[in-house]
Every structure is written in C-alpha cells, then in structure tokens.
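Just below is one structure, and these are the notes that go with it.
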Amino acid sequence: MAEEAILGFLKNNDEIPHSGEFADAHDLDHEEVKNVIKSLQGFGYIEAKAVRKESWDLTDEGKKYAAEGSPEFHFFSAVPEEGTISIDDLRRILDPSVFQVGSTQAPKKQWVAMGNQVSRMVQHVEDTVKEMLLQMQQGQELDKESLKYLKNRKLIIPAKTWTGYSDVKKGPNYAPKRKILPSDLTRENLENWEELELKEYNFNAKGQPLNAGHLHPLLKVRKQFKDIFCQMGFEEMPTNNFVESSFWNFDALFQPQQHPARDSHDTFFLKAPSTTRELPEDYVERVKQVHESGGYGSRGYNYEWKREEANKNLLRTHTTAVSSRMLYALAKGPFTPKKYFSIDRVFRNEAVDRTHLAEFHQVEGLICDRGLTLGDLIGVLQEFFSRLGMSKIRFKPTYNPYTEPSMEISGYDEAKGEWLEIGNSGIFRPEMLQPMGLPDDVRVIAWGLSLERPTMILYKTENIRELFGHKVQLKKIKESRMCRIGIESA
Ligand code: FB9
C-alpha cells in the first residue's frame, strides 16, 4: 500500500517534502510510511532525510505564567518606580507563590535591589518568560537556550518527539515498482544465471536476536576479575558461607570487641542461630591473650575479651573473614607460600545511597610468604590494577584494625580526568598472624575493593539499584554489551 503510493508518487513528482503530510494526504499510517521509506532507502530505491522534532508542553505553572505573566514581573511591578518598598509589604501584597518565585528571579535578573527595603534597579522590564511561553502556545519554535531555560524552571516538559522523513527523492535504484530479486540460487534460476540479478547480500543486517540467557553485568565483570587473579597465579578461597561467627569476622583479625563496626548499627547479627557451635579452643585462647595483653611485640588492647561476644553469629561484613580462616588453616600445616583471592557478597548495615546497598560483592587478594614488604604490596597492586585498565595509581595512608601499615588506593580515571578511590590494602598485623601459628618471618599483604563500583563505571550505571535488586531492568541487562575491563568501557 504505502510502497506503491510512495514509488508511484515519485514517478510523477520530484520529491515528497514531508512524510507526515504525505501520509495524511494519502490516508496512510505514518508509522508504516516511515518503515517503507526506511526499507526503500536501504535498497537505494529512494533517498530521504530523517527528521526528529522535539515538542514541548507547558506545565500548569507555565500555563499560569503565560496567562498572567511571570512572578518576577509581578514582583518588579509591585516595587515603586521611585523610592523603595519593604520586603514585608511585598510579602503582604503579593500572592505567596508569586512572592516566593519573584523574590528570587527578580534580583537574579538584576531588576530589583533586595534588602529590608526593595528598590528598582531598572525603570522598565520585558516579561520575556511570558512572551516565550505564549510563542510556544502558538506553536512557534524557540532556540535551544530558551528551551533549556524554561525546562530548568519546570515551565515546560518534553512532549512526544516527532520523527519522520523529508526530501524523499528517487534513489539510484529507483523503479516505480520494487523488483523482488531472488536471494537464492535455485535449480530453476540457474538456467539463465548469466543475466540473473541476485539480491545484494546485506552484510550489515543484524542477525536474529538470540533469545538466550544473559550474564548479569556483575557476573561478566566478576569473570574478568577471576581471569586476572588466575593469570597472576592466585587461587580462589571458598566463600560459600554468608553467615560467620564474630570470631573469624572480627576477633581473629585483631579487631577489638568494642570497635564501632562490631555493633548492630554496622553489622547484621543473627537471631537464630545466634551463636556459633564450635571454635578451635587453643587458637581462641591465643586470640584472647593477644587482645587482652598483646604478645609478639604488641601490647594488645588491654581490655577484658569476652568469649560470648566472639560466639555471636552475623552476616559477614567482609570476605577478609574467609582470609582469616584460610590463613589459620595454612598455619596448621608446613608453611607454603600462597596467593589467594575471594569475590563474594558481604553485608553491612549501612546507610544506602546511589552507590551503596546493605550488601555488595567484595573482591579481595592476599599473598602470604616470607619477608614480604610494603614494596611487594605496591608492586602487586600496580600489576593488578594495570590489568584492570588503571595504570596510574597512588596510595594514601589509612587505618584498618587488621593491617599496619594500611594504604587507600586511588586510580586516575583518564576519561574523567580525576582520581577515583579504587580500594584499600595493607599488611596483616602480627597480632593476627602469630596467634594462628604462622612462622614469624611470614608476612601477608592483602587488598580489597568492590565488584559493584567497577561494574557501575564500566556499564555507566548511575544508581547501584539498576545493577542489584528489584529495580534491575532485565532488558538493559540483555542488551548490555560485553565490556572488557581495561580494554574498553561501554
Ligand atoms: O571498589 C572501590 N572502588 C573502585 C574499584 C574499582 C574500580 O574500577 C574501575 C574500572 C576500573 C572503580 C572503583 N572501592 C572500594 C572504593 C570506593 O568505592 C568506596 O567508597 C567503597 N568501598 C567499599 C566499602 O564501602 C564501605 C569499595 C568497597 C571496599 C572497600 C575496602 C575493601 C573492600 C571493599 C577492603 C579491604 C581490605 C584492606 C586490607 C586488607 C584486606 C582487605
């Protein structure tokens, strides 16, 4: 229908100036006309210019200003030409909303000088806001600046955007009727293959969308972290226990029992099972010692360490709880150097905001070997983050209860031209390692970051809720391209 109409019309006319008017004139559905134009253009039968016209609606406030004039104009008009008027008088005589907006906009436009006494700074003003709104009501186009200004003052909102075509003309392959070209060689058309015209291959044609399963962006990025760790010779720690005892999550890490992170404002404690069933008694005794009175060169925290506090079950606040278990297990056997990593969920009873939820995925790496130094930690962090596409990193001293020294890591985001906090790191304290039974020349360097932050940056996700939870848009997940860390960002 639309195709015959368009090709037929162009047989006797040079161009179709406006696809919308053409559709109305030929009582055709404009959407169908647009699809036909797109297809005929694809085969070179016609040429056409795509047109996109934003249109705007006035908000109720906009309609009010168009009808009655802008508040700043009323504010100005209420100020006497000569002399002044008190701000209280203005508040009394003007409608509250007019006063509220007018008292901001009029001085902003240098129309009046504000103070307890208000006076005019100019003799006469144009109510351009009212003018512009009236022009829009008459369907006149406004320039980008004015549209932006009215939009920021919430006087107009975007209406339906019109898309269509203009200057639709004959194309290089124009014909009054579309030739259906054979797209396959068949026994029949092979007879006269010399003069046979076959349909062009469209190598840009999108394949059939595969209605297959899709990996969540978080899992795509997790895979890349795992690849980086494995390529660097690390092995993954088992993290399949969200529920942990305070002992492994805090005490084993030499985090004192009165540390603020250990109260329910920061940590989710379990009602049931509220306490852990068993802990390695001999090791617990040594942890109690080091907390209460130190040892291994430390003077400890000098407080009364309570077993029942250590027994409390919680949702782990960091995967460092897994590291403590693994290092303790390592200390049991003959010492062998180890490189471990973990990537899994941790839970913090924290204020949620655009980038923070009550749970996130922690990425942690640690190297356990004799005589490791801060230099080794800096070196491995440079290697790790350069594989993450962050070749420029810097360190700032920070504090963790379980590492000394500790360093906050920042990376330079070339795209944004700014430094970004990308993680935390340090050397585990002897008060943590010695009670485990690790040889005293063994050092453990470790670092941590989140999975959500790099994923949000790579997939340009503004709000972490788009990644995690009920607000996730499956469509966006399905369409999200594969972003390779360090190689390209979406
Ligand atoms: O992930 C974080 N930032 C980040 C990481 C990578 C990244 O990649 C770019 C594409 C290449 C971009 C950003 N942060 C850590 C920094 C901040 O986002 C911070 O505000 C939030 N942090 C979380 C904790 O929030 C309370 C991120 C999370 C974090 C912080 C510290 C550790 C783990 C996760 C740790 C540790 C640690 C220290 C010493 C020894 C062992 C573990």
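Considering only protein heavy atoms, what per residue accessible area in square angstrom results for segment 324-440 with a 1.4 angstrom probe?
The answer is 45 Å² per residue.
Within a Cβ distance under 11 Å of Glu408, other residues only, what is the Lys/Arg minus Asp/Glu net charge?
Result for the neighbourhood of Glu408: +1.
Please list, in order along segment 199-208, the HN-Hα scalar couplings obtained from phi with the Karplus expression 6.51 cos²θ - 1.76 cosθ + 1.60 (θ = phi - 60°), rounded to whole Hz, x for Gly and Pro.
With coefficients 6.51, -1.76 and 1.60, one gets 5, 4, 6, 9, 6, 8, 4, 6, x, 4 Hz.
With the convex hull built on the Cα atoms of segment 318-365, state its orientation-averaged projected area in nm².
Result: 3.7 nm².
I want to check the label-to-label distance for Gln123 and Lys144. Put each point 7 Å from Cα in the C-beta direction and report it in nm to one decimal.
Label at Gln123, label at Lys144, 3.8 nm between them.
May I ask you to give the solvent-accessible area per residue for segment 1-71, in square angstrom, as obtained with a 1.4 angstrom probe?
Accessible area per residue, segment 1-71: 56 Å².
With a cap of 14 neighbouring Cβ atoms within 10 Å, and only residues DSSP puts in a loop, list the trypsin sites (Lys or Arg not before Pro) found in segment 361-417.
Passing sites in segment 361-417 are Lys392, Lys416.
Just reorder Glu292, Glu462 by solvent-accessible area, largest first, 1.4 Å probe, all chains present.
Final ranking, largest accessible area leading: Glu462, Glu292.
Under a straight-distance cross-link criterion of Cα-Cα below 26 Å, which lysines are reachable from Lys392, leaving out those fewer than 8 residues away in the same chain?
List returned: Lys220, Lys223, Lys226, Lys339, Lys416, Lys460.
Based on the Kirkwood radius over alpha-carbon pairs, what is the Stokes-Einstein translational diffusion coefficient of the chain at 20 °C with 1.002 mPa s viscosity, in µm²/s?
Estimated via Stokes-Einstein, D reaches 72 µm²/s.
Once a ≥ b ≥ c are taken as the square roots of the eigenvalues of the Cα gyration tensor of segment 251-316, is the result rounded (a/c under 1.5), prolate (a/b larger than b/c) or oblate (a/b not larger than b/c)?
Oblate, because a/c is 1.5 or more while a/b does not exceed b/c.
What range in the chain is the longest one free of chymotrypsin sites (Phe, Trp or Tyr not before Pro) that are in a loop by DSSP and have at most 13 other Cβ atoms within 10 angstrom?
Answer - 1-192.
Could you work out what % of the accessible surface of the chain is carbon and sulfur, using a 1.4 angstrom probe and leaving DNA, RNA and ligands out of the count?
Ligands and nucleic acids excluded, carbon and sulfur give 53 percent.
Mind giving me the FRET efficiency for Lys108 and Lys49? R0 is 41 Å, r the Cβ-Cβ distance, nearest 0.05 is fine.
0.50
In segment 384-458, what GluC sites (Glu not before Pro) fall in a loop by DSSP, with at most 15 other Cβ atoms inside 10 Å?
In loop regions of segment 384-458 (DSSP not H, G, I, E or B), the sparsely surrounded GluC sites (Glu not before Pro) are Glu414.
Can you give the local net charge around Asp14? Use residues other than it whose beta-carbon is closer than 13 angstrom to its beta-carbon, Lys and Arg +1, Asp and Glu -1.
Taking every other residue near Asp14 into account, the sum is 0.
Under a plain spin-label model, where a point goes 7 Å from the Cα along Cα-to-Cβ, how far apart in nm are Phe242 and Gln41?
5.0 nm
What relative contact order, as a whole-number percentage, does the chain give when Cα pairs under 8 Å and 6 or more residues apart are counted?
Contact order relative to length: 13 percent.
Using the beta-carbon distance between Lys332 and Gln208 and R0 = 56 Å, what value does 1/(1 + (r/R0)^6) give for FRET efficiency, to the nearest 0.05?
0.50
Per residue of the chain, what 222 nm ellipticity follows from adding -39500 (n - 2.57) for every DSSP H run with n ≥ 4, rounded to the nearest 500?
-10000 deg cm²/dmol
Mind putting together the pair-distance distribution for segment 25-83? All Cα pairs, 10 Å bins, whole percent per bin, short to long.
16, 24, 14, 14, 15, 10, 5, 0
Counting only heavy atoms of the protein chains, get the accessible area per residue of segment 93-234 (1.4 Å probe) and round it to a whole Å² value.
70 Å²
Going through the cross-link list Lys206/Lys475; Lys130/Lys471; Lys63/Lys148; Lys148/Lys471, which pairs have a Cα-Cα distance over 28 Å in this structure?
Listed pairs above 28 Å: Lys130/Lys471; Lys148/Lys471.
Relative contact order for segment 9-149: what percent, with Cα pairs under 8 Å and sequence separation of 6 or more?
21 percent
The values are calculated or read from the model by the stated rules, or taken from the named source; none is laboratory data. Just so we're clear, the structure is a prediction, and the values are computed from it rather than from any experiment. No Cβ is skipped: glycine too gets one built from the backbone with ideal geometry, and neighbour counts run over all protein chains shown. For accessibility, only protein heavy atoms count, side chains too; no ligands or nucleic acids. Shrake-Rupley method; radii C 1.70, N 1.55, O 1.52, S 1.80 Å.
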